[in-house]
Amino acid sequence: MIILYIIGSLIALLVILFLIFRFKYLDNYSTSIEFDQKIKIPHGKSLSKEDLEKIVRELNTHRRGMRAVRTSREDEIEQVEDEIEQAVKKLKEGHLNFKCPDEMKLGKKENVMVEIFKDKKLLESVVDKTSLSDLKVGNTMAVKLLGDDFEITSKNSESQVILNDMKTTWIWDVKPLRHGLKNLELVVTVKLKIENKDELYDYSILTKNITVKVSRAYIAGQFWKKNWQWVISTIVGSGVVIVILKALGVLPK
């Protein structure tokens with residue numbers, strides 16, 4: 001009896017190893033678990049050739065079903081991407097003015113501004129045309145300014161409505177934290193309406209190279225901030241203060 005049980009267990013183990021080998025063609029572990037729940041493998045009982053063939057057929061059927069699901073999802077994603085692309089093409093032509101200095105001083109705040117508008121007549125008010133770029137403008141747009149080497153404080157709402165005959169403005173206070181050649185990145189997003197659902201589309205990131213310089217005043221200020229106690233104790237201990245007070249007549253000579 002024990003020998004028969006051992007033989008049946010070995011056969012069941014071989015069947016399980018065979019199924020694991022077949023499962024490597026499936027997508028992921030969760031799919032394998034889901035299918036395992038649908039197939040009952042008898043424990044301690046030998047399987048006939050017909051049983052094995054049935055299991056293989058079920059595995060192949062399930063695998064084809066999963067391929068069909070993947071294809072369907074890929075088609076849905078591609079359809080949404082096409083709809084977004086068509087919606088962007090239908091947007092009105094507009095302009096973006098990215099006003100940012102080429103140079104900044106370490107630790108000193110500077111204003112960075114972005115203007116987005118639709119009306120071409122507003123181009124006349126733009127002094128520096130090199131900061132202009134064309135883009136498709138929607139009714140609602142969002143603008144973010146990013147930079148790991150800067151302290152950035154926004155003065156406006158990230159998402160704003162774009163009017164037909166006025167400029168919409170975003171302003172930030174930007175303080176450099178490290179010197180050298182640094183980058184600011186501008187992320188512009190437009191809100192689209194597709195089948196009564198809001199979809200967001202990000203334009204290509206605009207990068208601004210900025211040279212951050214170190215001023216003597218900043219160095220002196222940082223030194224005083226970190227070492228003021230040492231400076232005062234050194235001056236007092238050296239007797240310089242007493243000499244100055246005697247020279248001014250505050251203390252008797």
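Readers should treat all values here as calculations from the given coordinates under stated rules, not as data from a laboratory. It should be emphasised that the depicted structure is a prediction, and the values quoted were computed from it without experimental measurement.
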*Of LYS120/LYS197; LYS120/LYS193; LYS108/LYS182; LYS144/LYS213; LYS99/LYS182; LYS121/LYS191, which ones are farther than 18 Å apart at the Cα?*
LYS120/LYS197; LYS120/LYS193; LYS144/LYS213; LYS121/LYS191
_Bins of 5 Å, beginning at zero and ending with the bin holding the largest distance: percent of Cα pairs per bin for segment 92-214, please._
2, 11, 21, 21, 19, 13, 8, 4, 1, 0, 0
*Relative contact order for segment 153-198 using alpha-carbon pairs under 8 Å, separation at least 6, rounded to a whole percent?*
31
*Residue-wise, which Karplus ³J(HN,Hα) couplings in Hz belong to segment 171-186, taking 6.51 cos²θ - 1.76 cosθ + 1.60, θ = phi - 60°, and x for glycine or proline?*
10, 10, 8, 10, 10, x, 9, 9, 8, x, 7, 10, 10, 10, 10, 10
